[in-house]
Structures are given as structure tokens and as C-alpha cells.
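The structure appears below as C-alpha cells.
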């Protein structure tokens, strides 16, 4: 095997590892960005730009270190860049708050890993209908009105079902894992 073949294999392995890490941390990173930006389309744009920068700078990532902390640092700069580009029209927080969120998110990274595992355990006790509501609202980011329209139900029914679901999940997390508040 020559050096080019070895380098190509190593590059493919790093790229595959990046994809796994991106998939693992994307939802949490979305939460970080959503804490700073109002509109879902803007969140998507910032995440897209963040993923591009991360991909381009893959050689700068040190395996074995916190991918999430690295991704948050890149996302923070992308949020600030978006802020400059958009003239602050869609950000909920200013630069100092964004900096504080980045530091807090990186410091709490292991706790968030635990949270997602715990949430998965609590979701095992949900009905198929409840899991469908959860998926539509919190994974697909559909609004309660969109869900109501698709299900041909009154929006108030969907709002009530989502409120009940949130309460059930919060109680499960609190009861099973001793959390008074969500991380």
C-alpha cells in the first residue's frame, strides 16, 4: 500500500467519524442555536453554515476531545456572523448572552448526553400516539396548528395533548432521575 492509499483511507475514516459525531450532536446543537434565534428557517441556515465550517475544518478537530464543545464554538461564531448579516433582526440575545450560552453549553455537555438517554427511557412508557406527537412537534418542528390540520383535529386538542405529554415527560425525568428542573 502506498502513502496515497493510506492517506485516503485515513481521510475516509475521519470523514465517517465526523458524520457519526454530527448526527449524534446535531439535535443538541440545534437547541443551542434555537436559544439564540427566533425563526426555525434561520436556525436551519445557521446549522447548515456550522456544518460546512466544521467539515472544512475537520483536520483541526482532535479526536478524543469534545466534538460538541468544538461545534458550539463554531456555531457561536456562525450566530454572530448571522447577526451581523441580518442586522440583529432575529436574535433573541446579544453577543454577551451568546458567549455565556456557548460556555454553559460546553460545560454541560456530559449532562446533556445523560439527559437524552434519560428522555429515551421515559419515552418507552409513551403510547404510539404520544410518540407521534413528540416526533412531529419536537423532531420535525411542526407547529401544533400544522399537526391539528394534518390530523383533522381542533388545535386546542393538540395543544392539550402536547401539554400533557410535556408534563408526563417532566414528571418521569424528575421521578426516575431526581431532577427538579430540566438541564
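With respect to residue 101, determine if the residue is in contact with a helix residue (DSSP H, G or I) (Cβ under 6 Å, 6 or more places away or on another chain), assigned by TED's automatic domain parsing to the domain that holds residue 42 and at pLDDT below 60. Criteria not met by residue 101.
Return the residues of segment 137-146 that are farther than 16 Å from residue 30 by Cβ and within 18 Å of the chain's Cα centre (by Cα); say none if nothing qualifies. 143 - this is the single residue of segment 137-146 that is farther than 16 Å from residue 30 by Cβ and within 18 Å of the chain's Cα centre (by Cα).
Is it the case that some residue within segment 140-162 is within 27 Å of residue 74 (Cβ to Cβ), assigned to a helix (DSSP H, G or I) and modelled with pLDDT under 80? No; the residues of segment 140-162 include none that is within 27 Å of residue 74 (Cβ to Cβ), assigned to a helix (DSSP H, G or I) and modelled with pLDDT under 80. If you scan segment 58-67, which residues turn out to be surrounded by 13 or more Cβ atoms within 10 Å (Cβ to Cβ) and more than 15 Å from residue 19 (Cβ to Cβ)? The answer is 66, and nothing else. Restricting segment 40-57 to residues that are surrounded by fewer than 13 Cβ atoms within 10 Å (Cβ to Cβ) and in contact (Cβ under 8 Å) with a residue 12 or more places away in the chain leaves a set whose member that is nearest to residue 16 (Cα to Cα) is 55.
The values are calculated or read from the model by the stated rules, or taken from the named source; none is laboratory data. Everything quoted here is computed from the prediction, not taken from an experiment. Using ideal geometry, Cβ is built from the backbone for each residue, glycine included, and neighbour counts are taken over all protein chains shown.
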